[in-house]
1. Work out how much length ILE67 to SER38 would gain on full extension: take 0.36 nm times their residue separation and subtract the Cα-Cα distance, in nm to one decimal.
2. Which ³J(HN,Hα) values in Hz, rounded to whole numbers, follow from the phi angles of region 31-46 under the Karplus curve 6.51 cos²θ - 1.76 cosθ + 1.60, where θ = phi - 60° and Gly and Pro get x?
3. Which whole-Hz ³J(HN,Hα) couplings does region 59-71 yield from phi under the Karplus relation 6.51 cos²θ - 1.76 cosθ + 1.60, θ = phi - 60°, glycine and proline marked x?
Amino acid sequence: MSTSPDMGTAAPVANTAPAKARSRPKGHIEFPYQSHCSIDEAMKQNIERLARRWRWKEAHVHRNALIFYLTTNDPVFARENQNV
């Protein structure tokens, strides 16, 4: 029995094209503004918990909470963003 590995038994790997990154139009900014607010410890813990559960960044939890709040409480925002 030989101690050298048998390199001739592996099947050849198919030549595949590399995955393309999704391109965006030049100058496109998805979220051009940032907003900061103060939160308490309980809110922080719940945002972290939801981010882990949903596998989101904490900023996404903040943004979706704000969208929900504005949709619920601001009829102009709700009307202008109903098709988004």
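We did not get these values from a lab; they are worked out from the coordinates using the rules stated. What you see is a predicted model, and the numbers here were worked out from it, not measured in a lab.
1. Gain on stretching ILE67 to SER38: 8.7 nm.
2. 10, x, 10, 10, 9, 10, 8, 8, 10, 8, 4, 5, 5, 4, 4, 6
3. Here the 3J(HN,Hα) series is 4, 5, 5, 4, 4, 5, 5, 5, 4, 4, 4, 5, 5 Hz.
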